[in-house]
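*Asks:* Supplied in structure tokens, the structure appears directly below.
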Amino acid sequence: MKYKSLHDIFLLKLQSLYDIESEIIKALPKMARKATNPLLSAAFQEHLEVTKDQKERLEKIFEELGEKPKKVKVEAIRALAEDAQWLTKQDMSDEALDAVLIGAAQYVEHYEMAGYGTALAWAEHMGHDKVAGMLEETLNEEEKTDKELTSLAERAMNEKALDPSMSDED
Ligand SMILES: [Fe+2]
């Protein structure tokens with residue numbers, strides 16, 4: 001049996017998070033290019049930098065645990081990226097495209113929050129206090145990004161609601 005202890009599956013979880021962050025680093029520049037709202041595009045660019053730091057933080061966590069950084073291929077994050085790509089290829093208005101991009105990014109944020117939440121709980125349970133602190137830092141960043149995406153979406157919808165030239169009725 002390869003995975004016997006909580007420590008074994010904790011390492012597996014970290015290896016999956018390491019793969020997930022790497023995939024997000026590949027996806028975010030594409031999302032920033034597709035976004036039509038400059039604020040959304042800037043938010044994706046900013047999150048790209050945060051994500052690069054999160055990947056490095058995972059490398060430090062592996063080091064802290066005396067392990068080499070390693071990835072396990074996570075199909076779920078690739079499926080989320082594929083789903084987002086399919087959606088953005090549909091024929092839609094600029095506002096709809098931005099809304100779809102925000103929705104896709106929030107899917108990913110919630111997925112990451114679940115993963116980091118689990119890893120944090122396990123780290124705390126095993127008494128890896130320093131590692132737990134680092135995982136919490138990333139979890140807080142993901143939550144912050146999620147909230148920023150929500151306020152961008154609300155703002156875009158409110159602006160559209162106030163601007164009669166952007167009405168759906170012709
Ligand atoms: Fe992340």
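Every number here is computed from the coordinates shown, using simple stated rules; none is lab data. Here the structure is a predicted model, which is why all the values come from computation and not from measurement. Please note: Cβ atoms are built from the backbone with ideal geometry, for glycine as well, and neighbour counts cover all protein chains shown.
*Asks:* Let's test this: bin the Cα-Cα distances of region 63-170 at 5 Å from zero up to the farthest pair and state each bin's percent.
*Replies:* For region 63-170, the pair-distance distribution reads 2, 10, 15, 16, 17, 12, 10, 7, 5, 3, 2, 1, 0.
*Asks:* State the answer as a single residue: which of MET92, LEU65, TRP122 lies farthest towards the positive end of the charge dipole of region 1-136, with beta carbon charges of +1 for Lys and Arg and -1 for Asp and Glu, about the Cα centre.
*Replies:* Towards the positive end, the residue furthest out is LEU65.
*Asks:* Output the relative contact order of the chain, whole-number percent, from Cα pairs under 8 angstrom with separation of 6+ residues. Walk me through the intermediate numbers first.
*Replies:* On the way: 138 pairs, mean separation 41.1, N = 170.
With pairs under 8 Å counted, the relative contact order is 24 percent.
*Asks:* In the structure displayed, which of LYS13/LYS34; LYS52/LYS73; LYS4/LYS26; LYS55/LYS130; LYS13/LYS60 lie more than 26 Å apart, Cα to Cα?
*Replies:* Values: LYS13/LYS34 31 Å; LYS52/LYS73 18 Å; LYS4/LYS26 33 Å; LYS55/LYS130 17 Å; LYS13/LYS60 15 Å.
Where the Cα-Cα span goes over 26 Å, the pairs concerned are LYS13/LYS34; LYS4/LYS26.
*Asks:* So, one more: Which of GLU143, GLU109, GLU64 moves the most in a Gaussian network model of the chain with Cα springs under 10 Å?
*Replies:* Highest fluctuation of the listed residues: GLU64.
*Asks:* Gain in length, ASP53 to ASN140, computed as 0.36 nm per residue apart minus the alpha-carbon separation, to one decimal in nm? The partial results should precede the final answer.
*Replies:* On the way: separation 87, 0.36 × 87 = 31.32 nm, distance 1.33 nm.
Result for the pair: 30.0 nm of gain on full extension.
*Asks:* Oh, and also: If each residue of separation counts as 0.36 nm, what is the full-extension length gain between LEU12 and GLU154 once their alpha-carbon separation is subtracted? List each step's numbers first, then the result.
*Replies:* Numbers: separation 142, 0.36 × 142 = 51.12 nm, distance 3.69 nm.
Full-extension gain reported as 47.4 nm.
*Asks:* I'd like to know how region 1-102 sits against the 2.2 N^0.38 Å rule of thumb: what's its Cα Rg over that expected value? Kindly include the intermediate steps, with their values, before the conclusion.
*Replies:* Working: Rg = 16.6 Å, N = 102, 2.2 N^0.38 = 12.8 Å.
Region 1-102 yields a ratio of 1.30.
*Asks:* Gain in length, LYS2 to HIS110, computed as 0.36 nm per residue apart minus the alpha-carbon separation, to one decimal in nm? The partial results should precede the final answer.
*Replies:* Details: separation 108, 0.36 × 108 = 38.88 nm, distance 2.90 nm.
Once the chain is fully extended between LYS2 and HIS110, it gains 36.0 nm.
*Asks:* Step by step: find N for region 97-139, compute 2.2 N^0.38 Å, then divide the Cα radius of gyration by it. What's the final number?
*Replies:* Details: Rg = 13.5 Å, N = 43, 2.2 N^0.38 = 9.2 Å.
Rounded to two decimals, the normalised Rg is 1.47.
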